[in-house]
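In what follows, a single structure is set out as structure tokens and then discussed.
The values are calculated or read from the model by the stated rules, or taken from the named source; none is laboratory data. The shown structure was predicted, so the numbers you read here are calculated from the model rather than taken from an experiment. Counting neighbours? That spans all protein chains shown, and the Cβs are built from the backbone with ideal geometry, glycine included.
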Amino acid sequence: MPATNAAIWFSSDGYDPATRGINGRRVAGESFLRGFFAHADVAEFVSLAHAQADHAAFARIAADQGVTRPLRAVRLDAPAALAPVEVVSYPAPIPTTECWRRAAHGAAAWALCGITHTTATRMVMQTVFDLRSAPQMPWDAVICTSHAVQSSLRRLMELAEVYLTQRFPGAPMPARPLMPVIPLGITCADFQPDPGLGQGLRDRIGAGPGDVVAVTIARLSPDEKFDPLPLFLAMEAAQAEVAGQGGCKLHLVFCGQFKEPAWEATFAQAAARLMPSCGYHLLDGGNADDRKATLSGGDIFVFSIDNLQETFGLAPVEAMAAGLPVIVSDWDGMKDTVTPEVGFRVPTELPRPGLATYISQRHLGGTDGYIQYLSQVSALTPLDLRALTRALVTLALDPDLRKRMGTAGQARARGLYDWSAVIPQMQELWGEQAAMLAHARSRGGPGLAPVPPGLIPVGPAVDEMFAAYPTAFAPVERRLAATPGPHPTPSEMFTLRNYAARRRLIEEPTRLQTILAAYAAAGPQGATEAGIADTTRLSPAIVARAALWLLKYGYLTEAP
């Protein structure tokens, strides 16, 4: 079913958290691939990549998932081989590079489909702007993982369009890409609680049968995930209220990793100072058993995000699949995922217009780095501490409510966020893109014609951009002769120059030797490139490039 299939633009950086480091983008990418292999209604799985190593990694993941359907590898520098698949799935917002790569084959050669992860970086903001002036087409798509993210991307595009129409008055703006809301998914079965691991966690932290354990699985960074201090304050306030009603002891478990080790002491010191009445415990987020134990042994999942870095929030969905009630910030994707039946959303605020513009300007201009930008905005993003405390107290004192919300959360996760529900939505989108392509091709039009590869404006041919640099261009018709005398072989010259260090060769040394031998056989009168091409049965372009290299190192000279 090529019309609803997509080639996966694959780089290990987007799909391999085990070796590249755990972050939301890679975890989501790995989970997507597993879900795609398990639930896609396709005849084959197609990878599109720069390097054979990436194709091999894609194949290994497929093998690990028990895939038996055919795999097909397509090189990024030979994308015409994508057919009959019509769509390329990219693991981030569509980069303009991919639009320009397609331009040389025609704007309707295939459709591009990206997806949002973090959208707060300068690179993503620049990409969205650049899309509006690149050969992005209406059959391209950027999947928005939440309605909040969709709104933010629309606003970025509106700002770009206002600028471009003012800069180029009268020029019509091209249609935007499709921007459907399709959530990230999970494999719900992976999050079934393990009672043994859960009890082991409670024993490790000294939680009694009546104690209530609040848990969080997240990157442990106050700069780019969440500031824990407000949560500590709310936990202590909740503990005082619960104790006043003869209730239990509260524990807070963070399962994650400190990107910067110094933060571990900061978290511990703040917890000791701000919530001395509660238990505070750390588990290793890189350990699969610790992550499973966290969701199996907790009573409440808390996700008090206050950071622009977060755009969806997979962890609360995973907690729902594990049967936990959730308390989350009323923030980005969690506005969609968390309903009153499954948990509480705690109100949040951003600075009113004008108050934080200087922070954006410092980030844009490079005065502040990305982490500084996130940290400063987080510092001005309060959560409603009374609402957070009230949610903690409500769930701590009501085990029946915890159970009802947990059960509802499991049902919601299975029905809406399991890959078995999400992958068909993605395939439906790819089918819509393919139908738009077919319609565009049937109409034709000048806007669909391929752009000559040498004239692509963001990467023209060397002879186009640098025509004023040399004395002259290499002529088409000239006779070259082999230079007499002993020389190092082309292979020796390659070694001396260490061309292999860059892993890109103008030509293989053995082929250079073949072409040099053909010139030598032509004698002192030399030969033309066309003559050598006929002799060696190589293309004239290969011979022409080889001749330039041989001239460079003195193997050839112009014949009299």
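Checking the stated criteria, Met137 turns out not to satisfy the condition of being in a helix (DSSP H, G or I), surrounded by 16 or more Cβ atoms within 10 Å (Cβ to Cβ) and outside the structural domain of Ala321 (by TED's automatic domain parsing). Restricting attention to segment 401-409, does a residue exist that is surrounded by 18 or more Cβ atoms within 10 Å (Cβ to Cβ) and part of a loop (DSSP other than H, G, I, E, B)? Among the residues of segment 401-409, not one is surrounded by 18 or more Cβ atoms within 10 Å (Cβ to Cβ) and part of a loop (DSSP other than H, G, I, E, B), which makes the answer no.
On the basis of being part of a loop (DSSP other than H, G, I, E, B), closer than 28 Å to Arg390 by Cα, assigned by TED's automatic domain parsing to the domain that holds Gln192 and touching a residue at least 24 places away in the same chain (Cβ under 8 Å), does Leu295 make the cut? Against the criterion (part of a loop (DSSP other than H, G, I, E, B), closer than 28 Å to Arg390 by Cα, assigned by TED's automatic domain parsing to the domain that holds Gln192 and touching a residue at least 24 places away in the same chain (Cβ under 8 Å)), Leu295 does not qualify. Selection of segment 491-513 for residues being closer than 23 Å to Pro475 by Cβ and either at pLDDT 95 or above or not β-branched (Val, Ile, Thr) (or both) yields Glu507, Arg511, Leu512. His117 falls short on exactly one of the conditions (1) in a loop (DSSP other than H, G, I, E, B); (2) more than 19 Å from Gln425 (Cα to Cα), and that condition is (2). Scanning segment 246-275 for residues that are in contact with a helix residue (DSSP H, G or I) (Cβ under 7 Å, 6 or more places away or on another chain), of a type outside the set (Gly, Ala, Ser) and not in a strand (DSSP E or B), we see that the one that is surrounded by the most Cβ atoms within 10 Å (Cβ to Cβ) is Met275. Listed by first and then second residue, the pairs with beta-carbon distance under 9 Å, at least 6 apart or on different chains, first residue in segment 225-250 and under 14 Å from Leu395 (Cα atoms), second acidic (Asp, Glu) and not in a helix (DSSP H, G or I), are Cys248/Asp211; Lys249/Asp211; Leu250/Asp211. Can you tell which of Leu355, Leu374, Leu380 is touching a residue at least 60 places away in the same chain (Cβ under 8 Å) and either at negative phi or surrounded by 24 or more Cβ atoms within 10 Å (Cβ to Cβ) (or both)? Step by step, each of Leu355, Leu374, Leu380 is checked, and only Leu374 is touching a residue at least 60 places away in the same chain (Cβ under 8 Å) and either at negative phi or surrounded by 24 or more Cβ atoms within 10 Å (Cβ to Cβ) (or both). Against the test of being buried (at least 16 other Cβ atoms within 10 Å of the Cβ) and within 18 Å of Gln427 (Cα to Cα), the options Phe58, Phe37 yield a single qualifying residue, Phe37.
Look at Ala467 and say whether it is in contact with a strand residue (DSSP E or B) (Cβ under 7 Å, 6 or more places away or on another chain) and either without any contact (Cβ under 8 Å) to a residue 60 or more places away in the chain or outside the structural domain of Gln52 (by TED's automatic domain parsing) (or both). Taking the combined requirement at face value, the residue does not satisfy it. Selection of first residues in segment 433-460 that are β-branched (Val, Ile, Thr) and of second residues that are in a loop (DSSP other than H, G, I, E, B), restricted to Cβ pairs under 7 Å at least 6 apart or on distinct chains, gives the following pairs, ordered by first then second residue: Val451/Ala104; Ile456/Ala104. The residues of segment 542-560 that are small (Gly, Ala, Ser) and more than 22 Å from Met493 (Cα to Cα) amount to a single one, Ala559. When each of Gln372, Gln427 is tested for being in the same structural domain as Val42 (by TED's automatic domain parsing), assigned to a helix (DSSP H, G or I) and of a type in the set (S, T, N, Q), the lone residue that passes is Gln427. Scanning segment 482-538 for residues that are within 17 Å of Lys552 (Cβ to Cβ), touching a residue at least 40 places away in the same chain (Cβ under 8 Å) and of a type outside the set (Gly, Ala, Ser) yields Thr483, His487, Pro490, Met493, Ile506, Glu507, Leu516, Glu529.
Assess whether Val27 counts as being surrounded by fewer than 21 Cβ atoms within 10 Å (Cβ to Cβ), among the hydrophobic types (A, V, I, L, M, F, W, C) and at pLDDT 95 or above. Break it down into steps so the answer makes sense when it comes.
Numbers: surrounded by fewer than 21 Cβ atoms within 10 Å (Cβ to Cβ): yes; among the hydrophobic types (A, V, I, L, M, F, W, C): yes; at pLDDT 95 or above: no.
Here the answer is no, as Val27 does not meet what is asked.
Note on segment 303-327: among residues that are under 23 Å from the mean Cα position of the chain (by Cα) and β-branched (Val, Ile, Thr), the one that is modelled with the lowest pLDDT is Thr311.
Inspection of segment 143-153 finds a residue satisfying the criterion of being in the same structural domain as Gly29 (by TED's automatic domain parsing), surrounded by fewer than 17 Cβ atoms within 10 Å (Cβ to Cβ) and either touching a helix residue (DSSP H, G or I) at 6+ places or on another chain (Cβ under 7 Å) or in a helix (DSSP H, G or I) (or both).
Number of residues in segment 435-449 that are within 18 Å of Cys99 (Cβ to Cβ) and assigned to a helix (DSSP H, G or I): the value is 7. For segment 190-225, enumerate the residues that are part of a loop (DSSP other than H, G, I, E, B) and either closer than 21 Å to Val317 by Cα or not assigned by TED's automatic domain parsing to the domain that holds Gly247 (or both). Matches in segment 190-225: Gln192, Pro193, Asp194, Ala218, Arg219, Leu220, Ser221, Glu224, Lys225. In the set (1) surrounded by fewer than 23 Cβ atoms within 10 Å (Cβ to Cβ); (2) more than 16 Å from the chain's Cα centre (by Cα), the condition left unmet by Pro95 is number (2).
Checking the stated criteria, Arg441 turns out to be more than 28 Å from the chain's Cα centre (by Cα), more than 30 Å from Ala321 (Cβ to Cβ), assigned by TED's automatic domain parsing to the domain that holds Ala141 and surrounded by 12 or more Cβ atoms within 10 Å (Cβ to Cβ). When the residues of segment 174-189 are narrowed to those that are assigned to a loop (DSSP other than H, G, I, E, B) and more than 16 Å from the chain's Cα centre (by Cα), which ends up farthest from Ser420 (Cα to Cα)? Ranking the qualifying residues of segment 174-189, first place goes to Pro174.
Scan segment 444-454 for residues that are exposed (fewer than 12 other Cβ atoms within 10 Å of the Cβ) and either of a type in the set (A, V, I, L, M, F, W, C) or on the phi > 0 side of the Ramachandran plot (or both) and jot them down.
Gly444, Gly445
Only a single criterion out of (1) closer than 21 Å to Gly247 by Cα; (2) touching a residue at least 60 places away in the same chain (Cβ under 8 Å); (3) of a type in the set (A, V, I, L, M, F, W, C) is not satisfied by Ala387, namely (2). Residues in segment 298-337 that are touching a helix residue (DSSP H, G or I) at 6+ places or on another chain (Cβ under 6 Å), free of Cβ contacts under 8 Å to residues at least 40 places away in the same chain and in a loop (DSSP other than H, G, I, E, B): Gly313 alone.
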